[in-house]
1. Can you tell me how many residues within the range 82-102 are among the charged types (D, E, K, R) and exposed (fewer than 15 other Cβ atoms within 10 Å of the Cβ)?
2. Scan (1) in a helix (DSSP H, G or I); (2) modelled with pLDDT under 95; (3) open to solvent by 30 Å² or more (accessible area, probe 1.4 Å); (4) not basic (Lys, Arg) for the single condition Met137 breaks and write down its number.
3. Report, by residue number, each residue of the range 103-115 that is farther than 20 Å from Asn135 by Cα, open to solvent by less than 70 Å² (accessible area, probe 1.4 Å) and in a loop (DSSP other than H, G, I, E, B).
4. Do we have Asp98 as outside any strand (DSSP E or B), closer than 21 Å to Lys26 by Cβ, at pLDDT 80 or above and not small (Gly, Ala, Ser) here?
5. Looking at the range 1-60, which of its residues are part of a loop (DSSP other than H, G, I, E, B), touching a Phe, Trp or Tyr at 6+ places or on another chain (Cβ under 7 Å) and crowded, with 20+ Cβ neighbours inside 10 Å?
6. Restricting attention to the range 208-238, which residues are among the hydrophobic types (A, V, I, L, M, F, W, C) and either touching a strand residue (DSSP E or B) at 6+ places or on another chain (Cβ under 7 Å) or more than 24 Å from Glu49 (Cα to Cα) (or both)?
Amino acid sequence: MTDQRPRVVTERDDRIFHIILDRADKMNAFDVRMLRELAEAVTEYEADESLWCAVLYANGDNFTAGLDLAEVGPAVRGGEAVQGWCLTIGIELLLASDIRLAAEGTRFGQIEINRGIFPFGGATIRLPEIAGWGNAMRWLLTGDKFDAEEALRLGLVQEVVPAAELRDKAIEIARTVAKRAPLGVWATLRSSRTAQLEGTHAAAAELLVIARELMDTEDAAEGIRSFVERREGEFKGR
């Protein structure tokens with residue numbers, strides 16, 4: 001009998017969307033179904049304008065042991081879409097996130113090369129961008145494992161915290177982001193991604209364009225009022 005329990009669980013907490021890997025008995029290893037459920041969760045978050053920030057974390061002792069190659073490997077070959085140990089896809093999920101935290105004692109590894117394949121989820125693109133060529137190749141080409149302090153040095157994570165505090169810290173940061181003006185957050189991400197994907201000249205060319213768009217919003221007016229009145233802004237995303 002196949003296991004019908006969800007592998008990815010979602011929860012709503014006001015403006016925050018929790019995406020929780022929940023296959024702890026398999027070290028949260030990703031099979032095809034789990035990949036689909038994660039994609040569905042991210043799609044649900046992105047389609048809901050009332051949600052302003054998402055937090056991705058895992059139940060159990062391990063974030064993920066990576067891909068379940070026995071199932072995912074044949075699916076990829078056939079063209080199918082596709083805290084503890086953080087391997088393969090775990091690192092690539094980190095690299096796809098805007099802010100990344102790790103628990104003390106976390107061990108990382110981009111180990112696909114040890115199995116005759118390569119990181120096809122984006123690590124070959126993003127890790128050199130954030131860590132530099134030599135730092136990225138040190139781990140991508142060897143398949144060696146490294147610790148949380150090395151992940152911090154590389155820029156793979158922004159903070160390393162005690163394991164017992166990890167989830168609360170991540171949620172605290174998400175709540176802080178969700179309190180900010182959402183249009184300002186989106187504009188910041190838009191400008192930063194333009195610089196990353198199209199270069200600094202393209203990003204510079206649209207700085208004033210984006211700024212003028214924001215200045216015409218209700219949130220910008222509220223931001224000015226809150227500054228004058230010396231209080232927290234109450235933003236609506238309009």
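The values are calculated or read from the model by the stated rules, or taken from the named source; none is laboratory data. From a predicted model like this one, the values you see are computed outputs, not experimental measurements. Using ideal geometry, Cβ is built from the backbone for each residue, glycine included, and neighbour counts are taken over all protein chains shown. When the accessible area is computed, the model is the full protein with side chains, heavy atoms only, and any ligands, DNA or RNA have been set aside. Shrake-Rupley method; radii C 1.70, N 1.55, O 1.52, S 1.80 Å.
1. Going through the range 82-102 one residue at a time, the tally reaches 1.
2. If we test Met137 against (1) in a helix (DSSP H, G or I); (2) modelled with pLDDT under 95; (3) open to solvent by 30 Å² or more (accessible area, probe 1.4 Å); (4) not basic (Lys, Arg), just (2) comes out false.
3. Gly105 - this is the single residue of the range 103-115 that is farther than 20 Å from Asn135 by Cα, open to solvent by less than 70 Å² (accessible area, probe 1.4 Å) and in a loop (DSSP other than H, G, I, E, B).
4. No, not satisfied.
5. Passing the criteria: only Asn28.
6. Leu208, Phe227, Val228 - these are the residues of the range 208-238 that are among the hydrophobic types (A, V, I, L, M, F, W, C) and either touching a strand residue (DSSP E or B) at 6+ places or on another chain (Cβ under 7 Å) or more than 24 Å from Glu49 (Cα to Cα) (or both).
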